[in-house]
Amino acid sequence: MPVDILAFGPHPDDAEIGAGGLLRKAKNLGYRTGIVDMTSGDMGWGTPEIRAEESRRAGAILGLDVRECLDLGDCRIEDTFEIRCKAAAAIRRHRPSIVLAPYYDLPIGRGLGHNDHYKTGEIVANAYNLAHLHKAPVEGEPFQALAIYFYFIPPGQRATFVVDITDVAPAWLDAIDQHTSQFYHPERPRPAHLPHPREAFEANARYWGWQIGAKYGQAFLATAPLRVSDPMTLVRDVVPRP
């Protein structure tokens, strides 16, 4: 069965961090959701087998209908035509209405600008188009998703929209916590003065939530205008500030 929303993540845990709240919220609203991991995270802490099990547990908490790993090689993702075709095949396979991916215009380096992060954004943005071309050498029947939105918005970049994830924030953070090899690894000591990554993720969600009058929010960027038929849908759930 097709999914309604399909999120691409560079490594196991990235889609949870950047879009997990939206995915859990969408599931509560009755939509089918899925994640495609571009790599098994084999360069990170933990083995691919451990990370696959962590991803399974996280996916169960988010209520995912599908999850798969393309296993393209941690730190080795490149925006090639061959890899675009693999991502396009995943889009054809799952036939989503909405595709999510990391934003591709990120500061290069560690963190958000990890090679696999911004290149996943480039690959998926191109695959989004490639998936509908009948002559493209892509496995599966041609399919055009309706929209692509980006997460991992860099500092200083304005979001196009923010999803109120207050009601699903506990489940979202619990899903992130399942990736214990990355965030609770005993061989990866963390200086006492630095916040735990979970605190950083929660603080970021509070930052975006505050801007829409909610406790927690998850931000996304659209690179094309959004079509609105009824402008009142933009304010229907807005709670006036006191």
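For every residue, the table says whether it meets (1) surrounded by fewer than 15 Cβ atoms within 10 Å (Cβ to Cβ); (2) touching a strand residue (DSSP E or B) at 6+ places or on another chain (Cβ under 6 Å); (3) closer than 20 Å to residue 70 by Cβ.
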residue	(1), (2), (3)
90	no, yes, yes
105	yes, no, no
120	no, yes, yes
134	yes, no, no
137	yes, no, yes
143	no, no, yes
146	yes, no, no
159	no, yes, no
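Among the residues of the stretch 188-205, none qualifies, meaning not one is acidic (Asp, Glu) and in contact with a Lys or Arg (Cβ under 9 Å, 6 or more places away or on another chain). When each of 84, 51 is tested for being buried (at least 23 other Cβ atoms within 10 Å of the Cβ) and either in contact with a Gly (Cβ under 8 Å, 6 or more places away or on another chain) or of a type in the set (D, E, K, R) (or both), the lone residue that passes is 51.
Working only within the stretch 10-33, note down all residues that are closer than 15 Å to residue 174 by Cα and aliphatic (A, V, I, L, M). Of everything in the stretch 10-33, those that are closer than 15 Å to residue 174 by Cα and aliphatic (A, V, I, L, M) turn out to be 15, 17, 19, 22, 23.
When 168, 228 are screened for being within 25 Å of residue 99 (Cβ to Cβ), loosely packed, with under 14 Cβ neighbours inside 10 Å, of a type in the set (Val, Ile, Thr) and touching a helix residue (DSSP H, G or I) at 6+ places or on another chain (Cβ under 7 Å), only 228 passes.
Pairs linking a residue in the stretch 134-163 that is farther than 14 Å from residue 96 by Cα and in contact (Cβ under 8 Å) with a residue 60 or more places away in the chain to a residue that is assigned to a loop (DSSP other than H, G, I, E, B) and among the small types (Gly, Ala, Ser), with Cβ atoms under 8 Å and 6 or more positions apart or on different chains, are 150/222; 153/159; 160/222; 161/222.
Taking the residues in the stretch 2-27 that are part of a loop (DSSP other than H, G, I, E, B) and out of contact with any His (no Cβ under 6 Å at 6 or more places or on another chain) as candidates, determine which candidate is nearest to residue 176 (Cα to Cα). Residue satisfying both the conditions and the ranking: 12.
Here residue 66 meets the list (1) among the aliphatic types (A, V, I, L, M); (2) closer than 17 Å to residue 139 by Cβ; (3) touching a residue at least 60 places away in the same chain (Cβ under 8 Å); (4) buried (at least 24 other Cβ atoms within 10 Å of the Cβ) almost entirely, failing just condition (4). Every listed requirement among (1) surrounded by fewer than 24 Cβ atoms within 10 Å (Cβ to Cβ); (2) closer than 21 Å to residue 139 by Cα; (3) in contact with a helix residue (DSSP H, G or I) (Cβ under 8 Å, 6 or more places away or on another chain); (4) not polar (S, T, N, Q) is met by residue 7 save one, (1).
Quick note: the coordinates plus some simple rules give every number you see, no bench work behind them. The shown structure was predicted, so the numbers you read here are calculated from the model rather than taken from an experiment. So basically every Cβ, Gly included, is an ideal-geometry build from the backbone, and we count neighbours across all protein chains shown.
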